[in-house]
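Here the structure is laid out as C-alpha cells; the discussion comes afterwards.
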Amino acid sequence: MLTILLIDDNKKNIDITLKFLKFENFNILIANNLKSGITKAIELLPDIILSNSVIANENDFEVLKALNSDKRVNEIPFIFLSEKNSHSDIRNGMNMGADDYLSIPYLKKDLINSINARLIKINSFKKKLESINNFVKNASEFLDIEGFTDKYLLKLYQKNDELYMEGNKANNLFFIKSGRVKTYKTSSSGKLFVTGIYGPGDFIGQISLFNNKGMYIETASVDLNTLACGIPKTDFKKLLYSNKIVALKFIEFMAYNLIETKDLLTNMAYNTVRQRAAKALLDISVKGLIGTKSKAEIHISRDDFAGMIGSAPETAIRILSEFKHENLIQINCNRNLILLDPNKIRKVAQFG
C-alpha cells in the first residue's frame, strides 16, 4: 500500500482530502504543523507529500523549502493544495520545485489524477532500475559467470569508433562496462538525430536483434573511450529461450525502452525547442552523464546535443546560452556543462 503524507493545519481541508482519498487504497499520514511534517517525512519516507502552502506561524511555502533542503526527502513527489490561487502564487510554488499545485477548492478527479501521474513516474523509474539489475544478475547466474566480462572479452573502443552501423547485419548485443556511447539515425539528407546516450551498465543493440530485417536500426558511436563486450545473437537468444526469468526481465527492459521512445517522439512533436533542451539535460543527468553541483562536469558536443533535441547546432547553442544567463546551467572553460538548478530546469521542460 502506498503512503501519502498530508501536511495541513486546516481541519476542513484535511477532512475534504481524506474524503476524496477514502476508497483509493492509500495509507494516509497526517501532520498538523511544519515540524511534525518534516519529522514524519524523514522517519517514514512516504511515497508522496501533499501540503498546504500556508501553515500557521510559518512563511508561505515554508514546508517545501524545508523539505528541499534535506537530501533524505527532497526527491519525494510534492503536491501543493492551497487556497492561494493567483497566477504568481502558483508560479512561485512550481518554481520552488513542487510537482503540482492544486487550488482549493479542487475536484476529486484532479487530486487523484495528480497523485496517479506522480506514481506512474515513480513506478516507471523503479521498474527500469529493477529490470536492468535483475537482467544482469540473472544472466550472469545462468551463464555460471560472475559477469558478462568473464566469458565475453572486453574491448577498448576509442572516441568516434563505431560499435555497429545502421543497416549492417545485427549480430551482437553490446554491454557497456565503462565510457559513453551515443546512438543515432541518419536522414536521407544526411542529418543526424541522436536517439540515445548510454553509459556503464547499459545494453545497446538489443531491439535490432529481433527485427524482421535482421539489421541494426541505428548507429552506435563511441563518445568517450569505452570498454564494452559484444554478446553474440545466438548466445543471447539461447539465454532468453532457456531462462524464463531472464526473458521476462528483458521484456520489461525493452518495454521501458519503447515507452522512452514514445515519450521522445511526443516531446519532439509537441514541445518547443526550449522544452526539449531542458528535458534532454535532465535525461542525461539522470543517467549520470552530465555534471551537477555535486558531481564532476561532463562534456557533450553541441552537435550531439542539437541532434538530441532535433535542432540546428546554432539553435542548441543559443538555448544553452539562455539557460546559462538564467543561472540554470554553468558552462566552464572546457565547454563542459553543469546543472545548477535541476528543479527549475524541470519546470522549463514542463511549462516552457
Inset, instruction - Multiply the residue separation of residue 44 and residue 75 by 0.36 nm, subtract the distance between their alpha-carbon atoms, and state the gained length in nm to one decimal. - result: 9.8 nm
Inset, instruction - Going by C-beta contacts inside 10 Å, put 195, 234, 226, 186 in order with the fewest on the left. - result: 234, 186, 195, 226
Legend entry - Cα gyration tensor shape for segment 2-106, rounded if a/c is under 1.5, else prolate or oblate: rounded
Inset, instruction - Taking H placed 1.01 Å from N in the peptide plane, check which residues at least 5 places from residue 195 or on another chain put their amide H under 5 Å from its amide H. - result: 183, 184, 185
Legend entry - 5 angstrom amide H check on residue 228, placed H, neighbours 5+ away: 155, 157, 177
Legend entry - Per-residue ³J(HN,Hα) for segment 16-32, Karplus 6.51 cos²θ - 1.76 cosθ + 1.60, θ = phi - 60°, Hz, x for Gly and Pro: 5, 5, 5, 5, 5, 9, 3, 10, 9, 6, 10, 8, 9, 9, 10, 10, 9
Legend entry - Nearest-0.05 FRET efficiency for residue 350 and residue 325, computed from C-beta distance (R0 22 Å): 0.60
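Values in this text are rule-based calculations from the coordinates and carry no lab data. Please read all numbers here as calculations on a predicted model, not as lab measurements. Cβ coordinates were reconstructed from backbone atoms using ideal geometry, including for glycine residues, and neighbour counts include every protein chain displayed.
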